[in-house]
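Let me begin by presenting the structure, written as structure tokens, before commenting on it.
The values are calculated or read from the model by the stated rules, or taken from the named source; none is laboratory data. Since the model is a prediction, treat every value here as computed from it, not as a measurement. Using ideal geometry, Cβ is built from the backbone for each residue, glycine included, and neighbour counts are taken over all protein chains shown. Only protein heavy atoms, including side chains, enter the accessible area calculation; ligands, DNA and RNA are left aside. Shrake-Rupley method; radii C 1.70, N 1.55, O 1.52, S 1.80 Å.
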Amino acid sequence: MASQPELEHPRKAFGWAARDPSGLLSPFNFSRREVGEKDVAFKVLYCGICHSDLHSLKNEWGNSIYPIVPGHEVAGVVTEVGSKVEKFKVGDKVGVGCLVDSCRTCHSCSDNLENYCPQFTLTYGAKYRDSTITYGGYSDSMVADEHFVIRIPEGLPLDAAAPLLCAGITVYSPLRYFELDKPGLHVGVVGLGGLGHMAVKFAKAFRAKVTIISTSPNKKEEAIQHLGADSFLISRDVDQMQAAKGSLDGIIDTVSAAHPLLPLIDLLKSQGKLVMVGAPDKPLELPIFPLLAGRKIVAGSLVGGLKETQEMIDFAAKHNVKPDIEVIPMDYVNTAMKRLVKADVKYRFVIDIGNTLKPY
Amino acid sequence: MSKSPETQYPHKALGWAATDTSGILSPFHFSRRENGDDDVTVQILFCGVCHSDLHTVKNDWGFTTYPVVPGHEIVGVVTKVGNNVKNFKEGDKVGVGVIVESCKECECCQQDLENYCPRPVFTYNSPYYDGTRTQGGYSNSVVVHQRYVLRFPDNLPLDAGAPLLCAGITVYSPMKYYGMTEPGKHLGVAGLGGLGHVAIKIGKAFGLKVTVISGSPYKEAEAIDRLGADSFLVSSDPAKMKAAMGTMDYIIDTISAVHSLTSLLSLLKLNGKLITVGLPNKPLEVPIFTLVAGRKLVGGSNFGGIKETQEMLDFCGKHNITADIELIKIDQINTAMERLSKGDVKYRFVIDVANSISSL
């Protein structure tokens, strides 16, 4: 007999789910597991909308398991902790990002790189240890192993904290790992959306000079006046791109649509690094001569481990690095998704779960 | 009135040059400049045949100016030094590699990275600062600024050591720069030709485990028994490639034909690095998702600076590393080029210049 989401686990829960590749979300009753000895249960107050949610809902990667309750930028308040939980207590402000489990024993896990564990479990749409499918943060509550729970520092509002849990760590981690976090470096950011605007803010906090590379000229004023970017390049403007050749120490490329790499490689100085955090689903052409002639690299990076996610959110609180968000009620979510397809948001939707998600 | 190659300069020289895109080489009378205060005149004894020579004589890369005398793996003896030359004297055994001049003022030159200078002068087929074009080592002499002349280790045979001047530094430099020198780590060498076979030897000298990745199964016994590789992976065997997934810390990719990076990248562990040193004439396809999911990188590297080339030669002297060569007379060069285009050489042709390009 197929398990019913409502009966799988002992604790009632409700949220919004998509039931098919139309991706349309609607109310959904399900259940959360009992709080185990290492688990933390929390009431969800806010959840960011990540573009990955949209890809998943519409089965664009071909591996979606319906019904899907998306959401991996989840922030809330602890309601219960297991008997062996050491890091959290009831009332703490916490968050959960893209992962809720990993094997805990491989080299990656031992190196605090759970995000590279070959057996990680995603926060939604993935098979958990008990063979149930995980449900994400577009819901009223979550239960997660304390290892995968992030403390949200005082002074960081929960709605602003939520997008840091995916967008924030996704750009923070490669800025650190590829050493683009040194003062005075010149960092480029390709794409000005949820990830891109966070990359600008973190890079500025690292005291880099930041250039945004975008196809949309209408974003320029906002980028410079409001986000604090130092300059703005329109990627289709051949003259601008030519003039900027060899000027960047590194580039964080947030664009997941297919796009040419050569103009970006040319923007790099010698020894420069192009780091991809968006993942086009088809291979891209990589011209080899410019890579060799400048000893440049093209690399990838995928979110971050839990230790680094905590470090990132503490840094964000300390340096006032917060996403620009549009807070929406739960029942606006389908409209928000339509707008997200057109990148019509500055720069992250955050669902006000606490005030607007009601049981049906 | 422009001067002929023979009268451009005061000192007559004899070499073999290609005169059109057939790439066929034939005797060519030209001249070498007066030995200036900073110059060293070298009587050439041996010159290695690099695949770049073949690409150049056939104008594969589209920037050859004929007539061209190739050759940038030069070993010879000093016959004259300028007044400012302190480090070399007549009779010294020296080498000349890929580059004979650079601007000396840019950041790269100041960091001993003349190979990344934006205004390099290559040993052949390059515009020199006086408006002439450089001619390479398939000739009986060359005059080079002292900064670009290398001391040749006393204990290494001159003929078998010649290929180190390009093949040697081309694999040594990325191994150092990208940190591929930790004993016990696992290096993959893709392609078993001039570059590949030297990479095995240098890799073993660094204490690495070395696996050759090749499309030619018949090369296996030789790779292991004679060259010292630890294992051999046939790239066209899907089962073997699958079994080797995620086992290598780094890969040096020496393949100059267009090839897919997807299967090579899958062999890398987390944070693995694939460094390409071959020069395919078209872009390669790179699967971005594979880079992102494993924080992997693809980088390029272009021979090496002079200081590092000297370091490499001294390292090879210490570890007794030379190339496996087939010594030929200059008259055999066209046959050798044809065999090289089919990969039919173990593993580098070296021209016995002294005994076949008669002096004037």
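Is there a residue being at pLDDT 95 or above, of a type in the set (Phe, Trp, Tyr) and surrounded by 24 or more Cβ atoms within 10 Å (Cβ to Cβ) anywhere in segment A:203-211?
Scanning segment A:203-211, I find no residue that is at pLDDT 95 or above, of a type in the set (Phe, Trp, Tyr) and surrounded by 24 or more Cβ atoms within 10 Å (Cβ to Cβ), so the answer is no.
Of the numbered conditions (1) under 30 Å from A:PRO153 (Cα atoms); (2) basic (Lys, Arg); (3) over 15 Å from the mean Cα position of the chain (by Cα), A:LYS245 satisfies every one except a single condition; which is it?
Answer for A:LYS245: the failing condition is (1).
Out of (1) in contact with a strand residue (DSSP E or B) (Cβ under 9 Å, 6 or more places away or on another chain); (2) within 14 Å of chain B (Cβ to nearest Cβ); (3) of a type in the set (A, V, I, L, M, F, W, C); (4) touching a residue at least 60 places away in the same chain (Cβ under 8 Å), what's the single condition that is false for A:ILE297?
Condition (4) is where A:ILE297 drops out.
For segment B:279-290, how many residues meet the condition of being within 7 Å of another protein chain (Cβ to nearest Cβ) and within 16 Å of A:PRO118 (Cβ to Cβ)? Spell out the reasoning first.
Here is the first cut: in segment B:279-290, the ones within 7 Å of another protein chain (Cβ to nearest Cβ) are B:279-280, B:283-289.
Right, trim to within 16 Å of A:PRO118 (Cβ to Cβ) and you get B:289.
Total satisfying the criteria: 1.
Quick one: B:THR276 ticks every box in (1) within 30 Å of A:GLU285 (Cβ to Cβ); (2) at pLDDT 95 or above; (3) away from every other protein chain (no Cβ under 13 Å) except a single one, so which number is it?
(3)
So is B:LEU165 crowded, with 24+ Cβ neighbours inside 10 Å and either in contact with a helix residue (DSSP H, G or I) (Cβ under 7 Å, 6 or more places away or on another chain) or touching a residue at least 24 places away in the same chain (Cβ under 8 Å) (or both) or not?
Answer is yes for this residue.
Quickly run through segment A:226-236 and pick out the residues that are surrounded by fewer than 17 Cβ atoms within 10 Å (Cβ to Cβ) and either closer than 23 Å to A:ALA161 by Cβ or modelled with pLDDT of 95 or more (or both).
Hits for segment A:226-236 are A:HIS226, A:GLY228, A:ASP230.
Restricting to segment A:24-34, name every residue that is assigned to a loop (DSSP other than H, G, I, E, B) and under 26 Å from the mean Cα position of the chain (by Cα).
Correct list: A:LEU24, A:ARG33.
Suppose the filter is over 23 Å from the mean Cα position of the chain (by Cα), more than 10 Å from chain A (Cβ to nearest Cβ), open to solvent by 20 Å² or more (accessible area, probe 1.4 Å) and not aromatic (Phe, Trp, Tyr); does B:ALA239 pass it?
Answer is yes for this residue.
Please work out if A:VAL277 is more than 26 Å from A:PHE42 (Cα to Cα), more than 10 Å from chain B (Cβ to nearest Cβ), open to solvent by less than 30 Å² (accessible area, probe 1.4 Å) and of a type in the set (Val, Ile, Thr).
No.
Looking at A:ARG129, A:ARG151, A:ARG104, can you tell me which residue is under 30 Å from B:LEU268 (Cα atoms), at pLDDT 95 or above and not aliphatic (A, V, I, L, M)?
Values: A:ARG129 fails: at pLDDT 95 or above; A:ARG151 fails: under 30 Å from B:LEU268 (Cα atoms).
Only one candidate passes the filter, namely A:ARG104.
Inspect all residues belonging to segment A:280-289 and state whether any of them is of a type in the set (Asp, Glu), closer than 21 Å to A:LYS182 by Cβ, within 10 Å of chain B (Cβ to nearest Cβ) and touching a residue at least 40 places away in the same chain (Cβ under 8 Å).
No: segment A:280-289 contains no residue that is of a type in the set (Asp, Glu), closer than 21 Å to A:LYS182 by Cβ, within 10 Å of chain B (Cβ to nearest Cβ) and touching a residue at least 40 places away in the same chain (Cβ under 8 Å).
Are any residues in segment A:245-267 more than 9 Å from chain B (Cβ to nearest Cβ), more than 19 Å from A:PHE206 (Cα to Cα) and open to solvent by less than 20 Å² (accessible area, probe 1.4 Å), and if so, which ones?
A:LEU264, A:ILE265, A:LEU267
In segment B:292-323, what residues are more than 28 Å from B:ARG147 (Cα to Cα) and of a type outside the set (Gly, Ala, Ser)?
Selection gives B:VAL292, B:ARG295, B:LYS296, B:LEU297, B:VAL298.
Among the residues of segment B:45-97, what is the count of those that are aliphatic (A, V, I, L, M), in contact with a strand residue (DSSP E or B) (Cβ under 6 Å, 6 or more places away or on another chain) and within 27 Å of B:SER341 (Cα to Cα)?
8
Considering segment A:93-122 alone, what residues qualify as being open to solvent by 20 Å² or more (accessible area, probe 1.4 Å), more than 14 Å from every other protein chain (Cβ to nearest Cβ), assigned to a loop (DSSP other than H, G, I, E, B) and not hydroxyl-bearing (Ser, Thr, Tyr)?
Within segment A:93-122, just A:ARG104 meets the criteria.
Could you check how many residues of segment A:329-354 are in a helix (DSSP H, G or I) and free of Cβ contacts under 8 Å to residues at least 60 places away in the same chain?
Start the filter on segment A:329-354 by keeping residues that are in a helix (DSSP H, G or I), which leaves A:330-341, A:353-354.
Remaining after also requiring free of Cβ contacts under 8 Å to residues at least 60 places away in the same chain: A:331-332, A:335, A:338-339.
Residues meeting the conditions: 5.
Find the residue count for segment B:100-121, including only residues that are part of a helix (DSSP H, G or I) and exposed (fewer than 14 other Cβ atoms within 10 Å of the Cβ). Spell out the reasoning first.
In the first step, residues of segment B:100-121 are kept if they are part of a helix (DSSP H, G or I); the result is B:107-110, B:114-116.
From the residues that got through so far, the ones that are exposed (fewer than 14 other Cβ atoms within 10 Å of the Cβ) too are B:107, B:110.
Looking only at that region, the number is 2.
Table: residues versus (1) surrounded by fewer than 14 Cβ atoms within 10 Å (Cβ to Cβ); (2) in contact (Cβ under 8 Å) with a residue 40 or more places away in the chain; (3) under 18 Å from B:SER141 (Cβ atoms).
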| residue | (1), (2), (3) |
| --- | --- |
| B:LYS3 | yes, no, no |
| B:ASP20 | yes, yes, no |
| B:PRO27 | yes, no, yes |
| B:CYS47 | no, yes, yes |
| B:SER52 | no, yes, no |
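Looking at B:ASN355, B:ASN271, B:ASN334, B:ASN320 in this structure, which one is within 14 Å of chain A (Cβ to nearest Cβ) and either more than 30 Å from A:SER173 (Cβ to Cβ) or surrounded by fewer than 18 Cβ atoms within 10 Å (Cβ to Cβ) (or both)?
Unique residue meeting the criteria: B:ASN271.
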